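J.: The structure's right below; bear with me while I get my questions together.
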Amino acid sequence: MEANRIEDQVENRIEDLLRRHAPQVLGALVRRYGHFDAAEDAVQEALLAAARQWPESGTPANPRGWLIRVAARRLTDQLRAEEARARREETAARLEPRETRAAPSEDDTLTLLFLCCDPVLAPAAQIALTLRAVGGLTTAEIARAHLVPEATIAQRISRAKQKLKDRHFHQPGPGDRDARLATVLQVLYLIFNEGYTATSGPALHRADLAEEAIRLTRAVRRLLPREGAVTGLLALMLLTEARSAARTGPHGELVPLDEQDRTLWDSAAIAEGTALVEEALREGPAGPYQLQAAISALHDEAPRAEDTDWPQILALYDLLVADAPDPMAELGRAVAVAMVHGPESGLAELAALEPRLPGHHRLEAVRAHLLERTGAIEAARAAYRTAARLTLSVPERHYLQMKAARLPQ
């Protein structure tokens with residue numbers, strides 16, 4: 001049993017390593033050789049080779065370098081095989097790594113991020129491809145994040161890869177980079193959200209995705225240090241992730257915001273995030289990321305749940321939904337309305353929002369909570385059970401089932 005446990009730990013550690021390095025390896029190959037689709041296949045082969053060899057031979061001192069070497073060998077072999085008949089000499093020249101304007105220390109994952117946001121792709125395809133290649137999300141996870149069928153996302157990713165086939169990456173100049181920025185930030189935000197609250201599976205929090213999104217956002221901010229949207233997004237991520245240690249109990253159970261032990265919150269991250277919010281609001285008109293960060297700051301600055309400045313939060317939500325209408329933002333606003341004007345007002349907001357979030361577990365969970373506050377126990381129990389049935393997150397399902405079971409008969 002002990003040997004099996006150690007073997008499982010080794011395999012889990014290797015799997016984490018591979019997941020962390022895969023986007024960087026793909027970015028390195030694309031930056032050097034182009035051929036996005038072929039490079040992705042080569043990286044997958046390198047990952048499989050590592051999964052077979054490392055448990056026996058041990059993890060190399062430089063895992064990323066090992067993966068790049070193996071993947072590059074697979075890619076060059078593949079390209080040579082495909083083109084050997086017609087253009088041997090030309091192929092040999094093309095297989096030499098191209099010079100780029102990027103500094104040698106440039107983050108290869110960031111390179112991949114901007115490649116996936118190539119203007120040749122439609123915005124929806126840019127987002128889907130980046131979440132798959134950079135974020136490591138499955139097609140199903142991406143579909144849930146977008147509230148669209150899985151087949152639609154699969155088709156977007158397939159078409160995006162075809163458009164990028166044999167397309168060489170060039171480091172974007174200032175104008176091109178700015179044009180891609182909105183999509184880049186949206187992608188990073190979606191990756192972070194999937195990490196902070198996983199849409200499926202046994203764990204509520206996928207720390208690897210959340211940390212990677214924060215790391216990449218810091219990298220983008222180094223490129224654009226005075227861009228309010230970038231600063232606001234980084235602040236939002238830090239202020240949200242600061243609460244992660246208090247969101248689950250000792251057995252992985254979900255702990256809602258108003259019941260969390262706030263002494264477990266990361267005070268350093270809150271201080272950094274709050275300072276960034278103030279900086280972001282000085283850098284220009286407040287956009288969606290700056291407003292959401294300001295809302296998170298108000299939550300984080302309250303020493304107790306009952307000290308939360310809900311009127312100010314509602315005012316910020318009013319600005320947010322007016323500036324960037326979004327069903328999830330409107331759901332957050334409905335909660336704020338309930339906290340300021342009472343649960344009946346919140347339920348009225350939910351009824352108006354329902355056509356835009358049909359069958360979404362979070363809308364049903366909020367409805368259940370507000371119904372419980374009005375004393376409509378049977379209706380609240382039914383809504384909790386509906387929300388539990390709709391969610392694919394195991395911790396969320398257990399929490400919602402527990403809430404339904406604990407309501408008085």
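The values are calculated or read from the model by the stated rules, or taken from the named source; none is laboratory data. Please read all numbers here as calculations on a predicted model, not as lab measurements. Every residue, glycine as well, gets a Cβ built from its backbone with ideal geometry; the counts of neighbours run over all protein chains shown. Just so you know, the surface numbers come from the protein's heavy atoms only, side chains and all, with ligands and any DNA or RNA stripped out. Shrake-Rupley method; radii C 1.70, N 1.55, O 1.52, S 1.80 Å.
J.: What percentages, rounded to whole numbers, describe P(r) for the chain computed over all alpha carbon pairs with 10 Å bin width beginning at zero?
T.: Spelled out bin by bin, the chain gives 4, 19, 29, 24, 15, 7, 2, 0, 0 percent.
J.: Mind listing the phi-derived Karplus ³J(HN,Hα) values for the stretch 383-394, rounded to whole Hz, using 6.51, -1.76 and 1.60 with θ = phi - 60°, and x for any glycine or proline?
T.: Karplus values, whole Hz, x for Gly and Pro: 5, 4, 5, 5, 4, 5, 5, 7, 6, 9, 8, 4.
J.: Stretch residue 159-residue 257 to full length: gain in nm at 0.36 nm per residue minus the Cα-Cα span?
T.: Full-extension gain reported as 31.2 nm.
J.: Still on this structure, I have one more. If you filter the stretch 247-320 for trypsin sites (Lys or Arg not before Pro), then keep DSSP loop positions with at most 11 other Cβ within 10 Å, what is left?
T.: 304
J.: At a Förster distance of 51 Å, what's the computed FRET efficiency of residue 315 paired with residue 81, Cβ-Cβ distance as r, to 0.05?
T.: FRET efficiency, residue 315 to residue 81: 0.25.
J.: Sticking with this structure for a sec: Helix-derived [θ] at 222 nm for the chain: sum -39500 (n - 2.57) over DSSP H runs of at least 4, divide by residue count, nearest 500?
T.: -23500 deg cm²/dmol
J.: Moving on to the next point. In Å², and per residue, what accessible area does the chain have when probed at 1.4 Å with the other protein chains present?
T.: 48
J.: Can you compute the FRET efficiency between residue 152 and residue 48 using 1/(1 + (r/R0)^6), with r the Cβ-Cβ distance and R0 = 30 Å? Round to the nearest 0.05.
T.: The computed FRET efficiency comes out at 0.60.
J.: Continuing with the same structure: How large is the Kirkwood hydrodynamic radius of the stretch 235-378, counting all unique pairs of alpha carbons, in Å?
T.: Hydrodynamic radius (Kirkwood, Cα pairs) of the stretch 235-378 is 16.1 Å.
J.: Same structure, new question: Tell me which residues come under 5 Å, amide H to amide H, from residue 248 once H is placed; ignore anything under 5 positions away on its chain.
T.: 255
J.: Within the accessible area of the stretch 290-409, what % is carbon and sulfur when the probe is 1.4 Å and the other protein chains stay in place?
T.: Accessible surface attributable to carbon and sulfur in the stretch 290-409 totals 55 percent.
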